[in-house]
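Working notes for the structure below.
The values are calculated or read from the model by the stated rules, or taken from the named source; none is laboratory data. Predicted, not measured: the structure shown is a model, and the values here were computed from it. All Cβ positions, glycine included, derive from the backbone under ideal geometry; neighbour counts span all protein chains shown. With ligands, DNA and RNA removed, areas are computed over all heavy atoms of the protein, side chains included. Shrake-Rupley method; radii C 1.70, N 1.55, O 1.52, S 1.80 Å.
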Amino acid sequence: MVGSACPLPPQASIHTPRASTAPRLAFSPMSAEEKVHAAVDARLGSHIKRAEQALISEKTRVLRPFGLTVPQYAALYTLSLAPGSSGAALARFCSVTPQSMASLLSGLEAKALIERRPSPDHAQALITRLTPAGTALLGEADAAARAAEARLSAAFSEEEERLLRELLARAAAALEAR
């Protein structure tokens with residue numbers, strides 16, 4: 001019937017114009033919890049965040065036996081690829097603030113996993129390198145992290161994984177464009 005306000009059952013799909021993907025909940029006989037779940041489910045960011053949280057949770061679990069946090073592992077891994085990086089460069093590579101990286105590097109240095117020395121080019125900069133102990137620990141921890149990522153990859157066909165990478169890159173670019 002045209003113009004009638006017939007409530008949809010909670011399981012019904014609610015279609016809204018492309019400009020607004022939030023479900024219209026005012027006429028729905030949903031509980032408060034169902035309304036929240038429906039509203040959050042309609043937001044693309046919540047799905048990306050859920051996947052990120054699942055990945056970080058799994059990496060946290062597999063890195064714990066090595067005494068590493070995910071950010072510490074990321075810094076060690078980055079140093080293995082770019083030895084001699086400054087703290088500022090590591091912060092950029094690892095997507096953390098310079099202050100967070102400074103604290104993180106202090107912890108890694110206290111564990112004798114890295115060493116920092118003054119840069120011959122810039123008196124204020126410290127050059128950071130993995131120690132032999134850091135290299136050895138990273139080798140073991142990286143195998144565990146790669147296994148976790150392999151379990152993630154196994155959930156997709158090659159084409160799906162390629163498409164997922166493309167879509168995630170496009171999502172990041174859309175938000176970074178500001």
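A single member of 155, 143 is over 17 Å from residue 89 (Cβ atoms) and part of a helix (DSSP H, G or I), and it is 143. With respect to being open to solvent by less than 60 Å² (accessible area, probe 1.4 Å) and at pLDDT 95 or above, residue 130 fits the description. Could you tell me whether any residue of the range 84-92 is open to solvent by 50 Å² or more (accessible area, probe 1.4 Å) and among the hydroxyl-bearing types (Ser, Thr, Tyr)? The answer is no, given that none of the residues of the range 84-92 is open to solvent by 50 Å² or more (accessible area, probe 1.4 Å) and among the hydroxyl-bearing types (Ser, Thr, Tyr).
The rows are residues; the columns are (1) open to solvent by 90 Å² or more (accessible area, probe 1.4 Å); (2) in a helix (DSSP H, G or I); (3) modelled with pLDDT of 90 or more.
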{"position": "1", "(1), (2), (3)": "yes, no, no"}
{"position": "4", "(1), (2), (3)": "no, no, no"}
{"position": "7", "(1), (2), (3)": "no, no, no"}
{"position": "50", "(1), (2), (3)": "yes, yes, yes"}
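Condition first: assigned to a helix (DSSP H, G or I), farther than 17 Å from residue 78 by Cα and touching a Leu at 6+ places or on another chain (Cβ under 7 Å). Now tell me which residues in the range 99-124 satisfy that. Those that are assigned to a helix (DSSP H, G or I), farther than 17 Å from residue 78 by Cα and touching a Leu at 6+ places or on another chain (Cβ under 7 Å): none in the range 99-124. Set side by side, the residues 76, 63, 105 differ, and just one is open to solvent by less than 60 Å² (accessible area, probe 1.4 Å), in contact with a Gly (Cβ under 7 Å, 6 or more places away or on another chain) and under 23 Å from residue 148 (Cα atoms), which is 76.
Among residues of the range 160-178 that are more than 14 Å from residue 48 (Cα to Cα), none has a Cβ under 8 angstrom from a residue that is at pLDDT below 95 and surrounded by 11 or more Cβ atoms within 10 Å (Cβ to Cβ) at a sequence gap of 6+ or on a separate chain.
Considering the conditions (1) modelled with pLDDT of 95 or more; (2) surrounded by fewer than 17 Cβ atoms within 10 Å (Cβ to Cβ); (3) of a type in the set (Gly, Ala, Ser), residue 144 is excluded by exactly one of them, (2).
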